[in-house]
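Shown next, in structure tokens, is the structure this report addresses.
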Amino acid sequence: MRSALQCCVFIGAALSMLSVVHAQDRAQTPGAQTEEHHSAGSIVKWCNLKSPLNYPEGRCMGIIEGMLGVLVAFGKVCPPRETPMINFEGTVVAYIEAHPERMQESFQILAYEALVTKWPCSKQ
């Protein structure tokens, strides 16, 4: 049972990373803009909604958690083992809010940059 759950989590995380790769490809196209509902400015608003059972905030956390699973699995991000999920969300939100000129860009790309910047893996 546990291996089936791990498999599902890994597949979800991999799909999330594919969306990052796709967004990066689109971002490199001159004049390309991210659709409004996928933009950093749009999704970061969801992250800032602090009410119980909030679907948009859950979506924000789900995107971050999915990306994090893949980034850790592939050695791109190395956070301390017991880091609470809320810290990852806070890191991403702070990074995006520190770059207001990039609000129209993909949330996933900025989240990736935030996580890799905050918790880089040491080169071995």
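Just grab the label-to-label distance for Asn87 and Ala73, each label 7 Å out from Cα along the Cβ direction, in nm (one decimal).
Using points 7 Å along Cα→Cβ, the separation is 2.3 nm.
What number results when the radius of gyration of segment 74-124, computed over Cα atoms, is divided by 2.2 N^0.38 Å?
Normalised Cα radius of gyration, segment 74-124: 1.18.
If you filter segment 82-124 for GluC sites (Glu not before Pro), then keep DSSP loop positions with at most 11 other Cβ within 10 Å, what is left?
Filter output for segment 82-124: Glu82.
Quote the FRET efficiency, to the nearest 0.05, computed for His38 versus Ala94 with a Förster distance R0 of 22 Å and r equal to the Cβ-Cβ distance.
With a Förster radius of 22 Å, E is 0.65.
Computed from the coordinates by the stated procedures, all read-outs in this text should not be read as laboratory data. All of these numbers come straight from a predicted model, not from anything done at the bench. Using ideal geometry, Cβ is built from the backbone for each residue, glycine included, and neighbour counts are taken over all protein chains shown.
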